[in-house]
Amino acid sequence: MNLATDLGGIKLANPVIMASGTFGYGFGYESLIDPGDVGAIITKATTREPWTGNPPPRIAETPCGMLNAIGLENPGIEVFLNEHLPRLESSGAVVIVNIAGRTFEEYVELASMIETVRGISGIEINISCPNVDFGGMQLGTAPDMVYRIVKAVKEKTHLPVMPKLSPNVTDIIEIAKAAESAGADAISMINTLQGMAVDIEMKRPVLGNIFGGLSGPAIKPIALRMVYQVYRAVDVPILGGGGIMSAKDAIEFLLVGATAVSIGTGTFVNPRLAMEVKAGIEDYMRRHSHTDLREIIGAAVL
């Protein structure tokens, strides 16, 4: 049975990817998941200098999901390259680096810095985080901005480039087409939806940042709809995710056009979810007499 897939030039042994920001660098999960057993690991957002993130509280549980307002806290590119990447590389993981910044120039500089670094298979451009002042969703909600940043990053690297799209837009197809026309090798979708929670006893917002990103099962129908729409509109591969909590959820994304799937919030509930999803995809293919993953990708698209 062939589970291998190609995400815009990123060769994957299987379609299960650990989403950025929900798996750290994988080190805390080593006793539960061998990083080499998943298709790839997408790192925490990496910026030029260290970011401290937003003030606490930064996480709030919601019905069928969670809100987070971490604010892309990370140690910066130098620490990542010198300390975290060598350990990831030695684990056998396929590494995709998520990059973020406050200016266009920072994104371009980050792409240039990792261009020749061994052990990196691709770049995910964070243009969709809903809880930072600039550099996230502010860049990813206008087609011209998406085009400009994807093109600028592509010009600085030979690595496959994959912008992560925001669902907080009027027309996701327009955004995806802008990314494709700028040279994106693949598209990652979706990031979280902007939301908030209120403490009625304290009479104030729960999150220190007021707004946060909603993830988990609550957003899966929206994510599926958007992957379906984009699959019909572009020719580049899609990394689909949003609320995947089981193999069934992941298979739904594959059937509506995702070339690979990302596991995020579900890992907090079940740390071994990725392995269960991988096994579940194999079982589904066996039951339906499929021998190659490509046979089910987009099979439900009318």
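So SER20 fits all but one of (1) within 19 Å of GLY240 (Cα to Cα); (2) modelled with pLDDT under 95; (3) hydroxyl-bearing (Ser, Thr, Tyr); what number is the exception?
SER20 satisfies all of (1) within 19 Å of GLY240 (Cα to Cα); (2) modelled with pLDDT under 95; (3) hydroxyl-bearing (Ser, Thr, Tyr) except (2).
With THR47, THR103 as the choices, which residue is within 30 Å of GLU155 (Cβ to Cβ), among the polar types (S, T, N, Q) and touching a Leu at 6+ places or on another chain (Cβ under 8 Å)?
Going through THR47, THR103 in turn, just one is within 30 Å of GLU155 (Cβ to Cβ), among the polar types (S, T, N, Q) and touching a Leu at 6+ places or on another chain (Cβ under 8 Å): THR47.
For the range 206-228, which positions are under 16 Å from the mean Cα position of the chain (by Cα) and at positive phi?
Narrowing the range 206-228 to residues under 16 Å from the mean Cα position of the chain (by Cα): 213-217, 219-220, 222-224, 226-227.
Once the filter is applied, which keeps residues that are under 16 Å from the mean Cα position of the chain (by Cα) and at positive phi, the range 206-228 yields only GLY216.
Show me the strands (runs of 3 or more DSSP E) found entirely inside the range 128-203 where at least 1 residues are hydroxyl-bearing (Ser, Thr, Tyr), modelled with pLDDT of 95 or more and crowded, with 24+ Cβ neighbours inside 10 Å. Break it down stepwise before answering.
Numbers: elements: 161-164, 187-189, 193-195.
Correct list: 187-189.
Which residue out of ASP185, ASP171, ASP199 is under 20 Å from LEU239 (Cα atoms) and without any contact (Cβ under 8 Å) to a residue 12 or more places away in the chain?
Details: ASP185 fails: without any contact (Cβ under 8 Å) to a residue 12 or more places away in the chain; ASP199 fails: under 20 Å from LEU239 (Cα atoms).
After ruling out the rest, the residue left standing is ASP171.
Please state which of the following conditions PRO56 fails to meet, knowing it meets all the rest: (1) touching a Gly at 6+ places or on another chain (Cβ under 9 Å); (2) closer than 30 Å to VAL234 by Cα.
With (1) touching a Gly at 6+ places or on another chain (Cβ under 9 Å); (2) closer than 30 Å to VAL234 by Cα applied to PRO56, the lone miss is (2).
For the range 147-187, which residues satisfy the criterion of being farther than 23 Å from ILE41 by Cβ, under 17 Å from the mean Cα position of the chain (by Cα) and small (Gly, Ala, Ser)?
Within the range 147-187, ALA176 is the sole residue that qualifies.
Considering the range 243-281 alone, what residues qualify as being under 23 Å from GLY213 (Cα atoms), of a type in the set (Ser, Thr, Tyr) and either under 14 Å from the mean Cα position of the chain (by Cα) or crowded, with 24+ Cβ neighbours inside 10 Å (or both)?
SER262, THR265, THR267
Restricting the search to the range 276-296, which residues are within 17 Å of LEU7 (Cβ to Cβ) and either part of a helix (DSSP H, G or I) or without any contact (Cβ under 8 Å) to a residue 60 or more places away in the chain (or both)?
Restricting attention to the range 276-296, the residues satisfying the condition of being within 17 Å of LEU7 (Cβ to Cβ) are 277-278, 281, 292-294, 296.
Within the range 276-296, VAL277, LYS278, ILE281, LEU293, ARG294, ILE296 qualify.
Tell me, please, whether a residue that is among the basic types (Lys, Arg), in a strand (DSSP E or B) and either in contact with a Phe, Trp or Tyr (Cβ under 7 Å, 6 or more places away or on another chain) or surrounded by fewer than 21 Cβ atoms within 10 Å (Cβ to Cβ) (or both) can be found in the range 6-18. Give the derivation first.
Filtering the range 6-18 for residues among the basic types (Lys, Arg) gives 11.
Among the residues that remain, those that are also in a strand (DSSP E or B) are: 11.
Those still in the list that are either in contact with a Phe, Trp or Tyr (Cβ under 7 Å, 6 or more places away or on another chain) or surrounded by fewer than 21 Cβ atoms within 10 Å (Cβ to Cβ) (or both) too: 11.
For the range 6-18, residues among the basic types (Lys, Arg), in a strand (DSSP E or B) and either in contact with a Phe, Trp or Tyr (Cβ under 7 Å, 6 or more places away or on another chain) or surrounded by fewer than 21 Cβ atoms within 10 Å (Cβ to Cβ) (or both): present.
Condition check ((1) in a loop (DSSP other than H, G, I, E, B); (2) more than 20 Å from the chain's Cα centre (by Cα); (3) surrounded by fewer than 22 Cβ atoms within 10 Å (Cβ to Cβ)) across all residues:
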| site | (1), (2), (3) |
| --- | --- |
| SER20 | yes, no, no |
| LEU32 | yes, yes, yes |
| GLY71 | yes, no, yes |
| VAL79 | no, yes, yes |
| GLU89 | no, no, yes |
| GLU109 | no, yes, yes |
| MET113 | no, yes, yes |
| GLU124 | no, no, no |
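Listed here are the residues, each with its yes/no results for (1) within 21 Å of VAL94 (Cα to Cα); (2) touching a residue at least 40 places away in the same chain (Cβ under 8 Å).
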| residue | (1), (2) |
| --- | --- |
| VAL227 | no, no |
| ILE238 | yes, yes |
| GLY241 | yes, yes |
| ILE251 | no, yes |
| LEU255 | no, yes |
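The values are calculated or read from the model by the stated rules, or taken from the named source; none is laboratory data. Note that the structure is a prediction, hence the values are computed from the model and not measured. So basically every Cβ, Gly included, is an ideal-geometry build from the backbone, and we count neighbours across all protein chains shown.
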